[in-house]
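Throughout, read-outs are computed from the coordinates displayed, never taken from laboratory work. Small disclaimer: the values here were computed from a predicted structure and weren't measured. Cβ sites come from the backbone with ideal geometry, for glycine too, and all protein chains shown count toward neighbours.
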Amino acid sequence: MVIAIIAILAAILFPVFAQAKMAAKATSCMSNLRQLDISFVMYQTDYDDQFPLGAYGTAANTTFWHDEINPYVKNKQIWLCQCSKVKEKDASGAQTTHFGYNVRYLSNIKLDFSNLATQTAVSSTSVEDPGNTVALTTSHSSKTNSWCGDDGKFLLRPSDYYGILGGAGADCWGIPDPNAIDNVIIAWVDGHASKKKLSAFYSGQTPQDMYFDLQ
């Protein structure tokens, strides 16, 4: 009888403990993401109010946005989310990030990366509603077996993913990852962070990019 009672209690409590553990990981993940968001603001003070570029350089030697802001955080563990199942290194073996950057609106980089050498970033003053404009989210690759790896450091706009690409994704591009108890963790341009369901900011919005564009 005692053993049966213990088994029943364990069956009840283990899911509670697991959810509490995941909630703690989500809190830590949100803290990391918010620190990255703050580093964007610090970067802007040194670069004429401009957001970081998504990436620059060549295919053989590329500097990514998280490398650009690393001098302001000096801790690559902040690039990671404890809730994520994405590997910590990309296909080249370099440490990557578990977060994706709204680079399609905060810079003018093209889907095919053809303007990598000539792209420009926007200024923070160009964002009309920073409290409702995505800067970063937890993310993963939008395409299974992407040759870049399973990370999603460049976020596809909803109009890219659901519109141009028809939900098929693209190599080296990411989509939001609801890894925190079915919630995506989001850092907004104004510096605050929150959790939302995909349906609350990425899918089914009208207009489609309402939380990503600069309006």
Checklist entry - ASP48 versus ILE181, label points 7 Å from Cα toward the beta carbon: distance in nm? => result 4.5
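Dividing the convex hull volume of the alpha carbon atoms of the range 149-191 by its residue count, what do you get in Å³ per residue? Write down the numbers at each step before the final one.
Working: hull volume 4.0 nm³, N = 43.
It comes to 93 Å³ per residue, whole-number rounded.
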Checklist entry - Which of the listed residues, PRO71, LEU155, SER84, is farthest toward the dipole's positive end in the chain, when Lys, Arg count +1 and Asp, Glu count -1 at the beta-carbon? => result SER84
Next on the checklist: Can you bin every Cα-Cα distance in the range 49-105 into 5 Å intervals starting at zero and give me the percent of pairs per bin, rounded to whole numbers?
Outcome noted: 4, 17, 26, 28, 19, 6, 1
Next on the checklist: Between (1) 0.95; (2) 0.99; (3) 1.09, which entry matches Cα Rg over 2.2 N^0.38 Å as derived from the coordinates of this structure?
Outcome noted: (3)
Checklist entry - What FRET efficiency, computed as 1/(1 + (r/R0)^6) with R0 = 22 Å and r the Cβ-Cβ distance, is obtained for ASP190 and THR62, rounded to the nearest 0.05? => result 0.15
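Identify the trypsin sites (Lys or Arg not before Pro) of the range 33-105 meeting these criteria: DSSP loop state and at most 10 other C-beta atoms within 10 Å of the C-beta.
When the trypsin sites (Lys or Arg not before Pro) of the range 33-105 are filtered for loop state and at most 10 Cβ neighbours within 10 Å, LYS74, LYS85 remain.
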Checklist entry - Using a simple spin-label model with points 7 Å from Cα along the Cα→Cβ vector, what separation in nm is obtained for SER159 and ASN132? => result 1.7
Checklist entry - With the contact rule set at Cα under 8 Å and sequence spacing of 6 or more, what percent relative contact order holds for the chain? => result 21
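Using unit Cβ charges (K, R positive; D, E negative) and no other charged atoms, how large, in debye to the nearest 20, is the dipole of the range 2-200 about its Cα centre?
On the way: 16 positive and 18 negative charges, 146 e Å.
Charge dipole of the range 2-200: 700 debye, to the nearest 20.
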Checklist outcome for this item: The extension gain from ASP171 to GLN95, computed as 0.36 nm times the residue separation minus the Cα-Cα distance, is 25.6 nm
Item to check | Estimated inter-spin distance, GLU88 and THR125, nm [label 7 Å along Cα→Cβ] | outcome: 4.2
